[in-house]
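Quick notes on the structure that follows.
The values are calculated or read from the model by the stated rules, or taken from the named source; none is laboratory data. Just so it is clear, the structure is predicted and the values come from calculations on it, not from any experiment. Here the Cβ positions follow ideal geometry from the backbone for every residue, glycine too, while neighbour counts run over all protein chains shown.
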Amino acid sequence: MALLSMHGVSKRFGAVTALQGVDFTLEAGEVHALVGENGAGKSTLMKILAGVQPPDEGHMQLGGDDVRFSSVQEAQARGVVMVYQELALVPTLSVAENLFLGRLPRFVDYGALRTRARTLLAQVDLHLDPDTEVARLSIGERQLVEIARALAREGRVLILDEPTAALASTETDRLFEIITRVKASGVSVVYISHRLEEVFRIADRVTVLRDGALVGTRTVADTNAEQVIEMMVGSSVHRYERPARVRERVVGTFEVTERDLRPVRITLHAGEIVGLAGVIGSGRERVLPCAFGLRGSARWNDAAIGSPRDAIKAGIVLVPSDRKTQGLVVGLSVEANLSLATLGRLQRFGFMRAGAVRAQSRHWIERLSLRPPDPDKAVWELSGGNQQKVVIAKALATEPEVLLLDEPTRGVDVGARAELYDVIDDLSSRGLALLLSSSDTEELLGLSDRILVFREGRVTAELQPPYDYEEVVAHVTGAHQLA
Amino acid sequence: MSLARINWRELLARFGLVLALLALVIILSAMSDRFLTQSNIINVLRQISINAIIAAGMTVVIIGRGIDLSVGSLLALTGVVGASLAVGGLPAGVAIAAALGLGLAMGVFNGAFVAYAGIAPFIVTLAGLTIFRGMALAFTDGRPVSGLPPAFMTIGYGSFLGLPVPIWIMLGFLVVTHVILRYTALGRAVYAIGGNEEAARLSGIPVRRVVLFTFAYSGLAAAIASMVLTGRLNSAQPSAGVMFELDAIAAVVVGGTSLFGGKGGVFGTLIGALIIGVINNGMNLLNVPSFYQQIVKGGVILTALLIERLVSARRT
Ligand SMILES: Nc1ncnc2c1ncn2[C@@H]1O[C@H](COP(=O)(O)OP(=O)(O)OP(=O)(O)O)[C@@H](O)[C@H]1O
Ligand SMILES: [Mg+2]
């Protein structure tokens, strides 16, 4: 008998039906992948399981007992632990405290806390001072801290909601080792991801959701990627291929540097997409925040960029990697968010031009196929992938000369990715220069006119198309050095 | 080179307050030879004790990203109730315990509206500010309560090991608050909620109960401060404690606790209360007219926040 089963689970948010009579089972010691397009209901289903929100209908059985969790504590008490898609750490507290948040003993012994934190961090191969404030960590490091925290709870059901979205390939390998290990100890893992190659690497079974309904569950050994994609989208998706381009007009040159990054010069040409590759900690993830004036120091065509305002004046816009804390005002509507970066253009004598605002939001909602296509919807009501579309649209609305894309498709599904790639391609063919920083190698290969590889705080290789996938990975991981 | 600068900055961020206090002390002792005397130092500590106690409770609330505007009125209410019970014949200890219990209960009242009804702390405690004041006035018909048993005199004027009792009470309460905030799961939960409430909830922290606690604690602090004040005045006034909430908030923010929650501590609050107290005391010694004293006090609060901003700017 299954360890866990959910029957006929439904959930509505106002007029939106997020889940409709979904069945889901989990065997003891299996890795069960949950896939589906943005807004399919994956996170909602798992949040119900983790006690974050109650279902409207349906029931659950865990270990043979009927259960109904009304809080996260109750679910955790029964051994259900979740790592959320939207990072859930407290930035003002230390790494150690975050690791034991909600489980601190009545009296805190900081020495013991630190020691235990080090052990846990070592499990995810993260060698940080446990006293570091979380606000100082990169997204990837935070993700690993969250995973370490979930492991610390020693549950029997571990839910990972897009854990690799911010991880580079070596960190992903490490995560998979961890998953294999906990699985061997009898823990069941639910693995949500948009990256099918991962699903086929790690999962025993895969369940596909579409528009809040169950499409089906398959044994991974008995299916293939095409079949799963078809289940997800109901039709086939075209793969994005990038034609070769000629570099002509120079738009400008960046010079950026930071504590963990040696000075780098990057010259951008009109219509060029420069990819930045490298694992977390390689310095790659520091380049775009620097270039946008958020940290370190940056010059663009010999003018200092000391703040985002300087950057925007120079025609440079950033799509930040953490949409929740940096990209969006989640309490405001889609339309309000879209107009945030273009307030100047959308007003006359200080009054917002309602017509222009509406026209702008309609334009971008349609162009990026935002779902639901409702400009008045609050951003927090959208699924993760759709939120990301809003961030990108907001930046594009300023009609910049240079666009900095930091993990632009983090948590965005296959279909929406293709749409975003089309938009990016369209923008570059209109002369926009792009810097693309990504943990997704395939994305870099598919989009970049050249790729700068970062390792140990500096550029160690510049690669030109046609790319050899394995060669790029070898450069990124440093395996090249060994050969 | 950048390393050196960062260290310097962090040093300043950590010890800047203490340095500011030291600077003040040095300046004032140069300007008045009555300032740096043992009796005047004890005098300053006793003067700040009431504000520091209230501010310690306020610190807990503010770290949890709340605010408590009702403390001044609650001080008056718990004072008149406690005093009346004692005058009416209850043993002083029981009357004081009842007053503290009342403070706790009214804090729970505030906290329940914030945590369970989801109403903004500013609004709830603004309502509390007028309700508690009204209750204090109605209870006494607007008249002060006097004729207190000698136990209250001991609280106000007694001394122990050479230090006045109010200072001991203040130090004790600050230490307890510090221990709760820093060394208990409950205290760390307050920081977590102030830093990122959603993350705290998802981590399995009982957010509502913790928020309730912060307001209850602030209510208790107001009641303790009230007993000290009642002892000092040897009577309880229904009009006591007007604007005390603002002095407490000032001490908290001058002490480096962020109004946005998640950061700060009660040590800073003590320094904040000392800075304000030292300035008040210094201006009295120098015979600065009270109108100007208010202007200076406001200026100090702004300056402290400005410095804190400059020091912590671009630190993340
Ligand atoms: N708190 C909420 N309030 C309103 N609507 C919500 C809420 N949470 C989710 N939804 C809606 O429910 C649907 C399912 O969302 P969910 O987050 O489960 O999707 P998902 O499959 O995890 O998508 P993604 O891959 O983009 O993360 C979406 O239409 C979303 O807009
Ligand atoms: Mg999701």
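When the residues of the range A:379-389 are filtered to those that are more than 14 Å from the chain's Cα centre (by Cα) and assigned to a helix (DSSP H, G or I), the one that is farthest from ligand 1 (Cβ to nearest atom) is A:Val379. I'd like to know if the range B:130-145 contains one or more residues that are of a type in the set (A, V, I, L, M), surrounded by fewer than 19 Cβ atoms within 10 Å (Cβ to Cβ), assigned to a helix (DSSP H, G or I) and within 14 Å of chain A (Cβ to nearest Cβ). Among the residues of the range B:130-145, not one is of a type in the set (A, V, I, L, M), surrounded by fewer than 19 Cβ atoms within 10 Å (Cβ to Cβ), assigned to a helix (DSSP H, G or I) and within 14 Å of chain A (Cβ to nearest Cβ), which makes the answer no. Within the range A:440-464, the set of residues being closer than 26 Å to A:Ala270 by Cβ, at pLDDT below 85 and part of a loop (DSSP other than H, G, I, E, B) comprises just one member, A:Asp440.
Taking the options A:Ile365, A:Ile392, name whichever one is within 23 Å of A:Ser193 (Cβ to Cβ), away from ligand 2 (no atom under 16 Å from the Cβ) and more than 14 Å from every other protein chain (Cβ to nearest Cβ).
Numbers: A:Ile365 fails: within 23 Å of A:Ser193 (Cβ to Cβ).
Being within 23 Å of A:Ser193 (Cβ to Cβ), away from ligand 2 (no atom under 16 Å from the Cβ) and more than 14 Å from every other protein chain (Cβ to nearest Cβ) holds for just one of A:Ile365, A:Ile392, which is A:Ile392.
The single condition from (1) farther than 27 Å from A:Phe200 by Cα; (2) more than 15 Å from ligand 2 (Cβ to nearest atom) that A:Phe13 fails is (2).
Condition test on B:Leu305, is it away from chain A (no Cβ under 14 Å), in contact with a Leu (Cβ under 9 Å, 6 or more places away or on another chain) and not β-branched (Val, Ile, Thr)?
Details: away from chain A (no Cβ under 14 Å): yes; in contact with a Leu (Cβ under 9 Å, 6 or more places away or on another chain): no; not β-branched (Val, Ile, Thr): yes.
No; evaluated as a whole, the condition is false for this residue.
Scanning for something within 20 Å of A:Glu198 (Cα to Cα), within 16 Å of ligand 2 (Cβ to nearest atom) and part of a helix (DSSP H, G or I), does the range A:142-155 turn up at least one residue? Yes, there is a match, as at least one residue in the range A:142-155 is within 20 Å of A:Glu198 (Cα to Cα), within 16 Å of ligand 2 (Cβ to nearest atom) and part of a helix (DSSP H, G or I).
Each residue in the range A:354-377 was checked for being among the β-branched types (Val, Ile, Thr) and closer than 18 Å to A:Gly39 by Cα, and 1 of them qualify.
Residues that are facing chain B (nearest Cβ under 8 Å), part of a loop (DSSP other than H, G, I, E, B) and modelled with pLDDT of 90 or more within the range A:72-90 comprise A:Tyr84, A:Leu89, A:Val90, listed in sequence order.
In the range A:100-141, the qualifying residues are those that are among the acidic types (Asp, Glu) and in a loop (DSSP other than H, G, I, E, B), and the one that is nearest to the other protein chains (Cβ to nearest Cβ) is A:Asp109. For the range A:391-407, filtering for residues that are outside any strand (DSSP E or B) and at negative phi leaves 10.
Looking only at residues that are within 16 Å of ligand 1 (Cβ to nearest atom) and not in a loop (DSSP other than H, G, I, E, B) in the range A:174-193, which one is farthest from the other protein chains (Cβ to nearest Cβ)?
Restricting to residues being within 16 Å of ligand 1 (Cβ to nearest atom) and not in a loop (DSSP other than H, G, I, E, B), the top hit is A:Tyr191.
The combined condition, being modelled with pLDDT under 85 and either within 16 Å of ligand 2 (Cβ to nearest atom) or away from chain B (no Cβ under 14 Å) (or both), is fulfilled by A:Gly350. Among the residues of the range A:23-42, those that are within 16 Å of ligand 1 (Cβ to nearest atom), in contact with a strand residue (DSSP E or B) (Cβ under 6 Å, 6 or more places away or on another chain) and in a loop (DSSP other than H, G, I, E, B) comprise A:Gly36, A:Ala40, A:Gly41.
Here the helices (runs of 4 or more DSSP H) wholly within the range B:150-262 that include at least 1 residues being within 14 Å of another protein chain (Cβ to nearest Cβ) are B:165-183, B:185-195, B:197-202, B:207-233. Is the range A:394-407 home to any residue that is in contact (Cβ under 8 Å) with a residue 60 or more places away in the chain, under 27 Å from A:Ala277 (Cβ atoms) and within 16 Å of ligand 1 (Cβ to nearest atom)? Yes, because at least one residue in the range A:394-407 is in contact (Cβ under 8 Å) with a residue 60 or more places away in the chain, under 27 Å from A:Ala277 (Cβ atoms) and within 16 Å of ligand 1 (Cβ to nearest atom). Residue pairs whose Cβ atoms lie under 8 Å apart, separated by 6 or more positions or on different chains, with the first residue in the range B:286-308 and aromatic (Phe, Trp, Tyr) and the second assigned to a helix (DSSP H, G or I), are B:Tyr292/B:Met283. Against the criterion of being in contact (Cβ under 8 Å) with a residue 12 or more places away in the chain and within 16 Å of ligand 1 (Cβ to nearest atom), A:Ala416 qualifies.
Spot the failing condition for A:Phe69; the list is (1) closer than 25 Å to A:Arg201 by Cα; (2) of a type in the set (Phe, Trp, Tyr); (3) within 14 Å of chain B (Cβ to nearest Cβ), and only one is missed. Here A:Phe69 clears every test but (1). When A:Val453, A:Val472 are checked against the criterion of being touching a His at 6+ places or on another chain (Cβ under 6 Å), away from ligand 1 (no atom under 16 Å from the Cβ) and closer than 27 Å to A:Asp173 by Cα, a single residue qualifies: A:Val453.
A single member of A:Gln53, A:Gln20, A:Gln73 is in contact (Cβ under 8 Å) with a residue 12 or more places away in the chain, in contact with a Gly (Cβ under 6 Å, 6 or more places away or on another chain) and within 16 Å of ligand 1 (Cβ to nearest atom), and it is A:Gln20.
Within the range A:202-219, residues that are in the same structural domain as A:Thr25 (by TED's automatic domain parsing) and within 22 Å of A:Gly39 (Cβ to Cβ) sit with their Cβ atoms under 6 Å from residues that are among the hydrophobic types (A, V, I, L, M, F, W, C) and more than 16 Å from ligand 1 (Cβ to nearest atom), at 6+ positions apart or across chains, in these pairs: A:Ala203/A:Val31; A:Ala203/A:Val220; A:Val206/A:Val220.
For the range A:25-35, the criterion of being within 16 Å of ligand 2 (Cβ to nearest atom), more than 14 Å from chain B (Cβ to nearest Cβ) and modelled with pLDDT under 95 is met by at least one residue.
Screening A:Leu87 against (1) within 16 Å of ligand 2 (Cβ to nearest atom); (2) over 29 Å from B:Leu259 (Cβ atoms) leaves a single unmet condition, (2).
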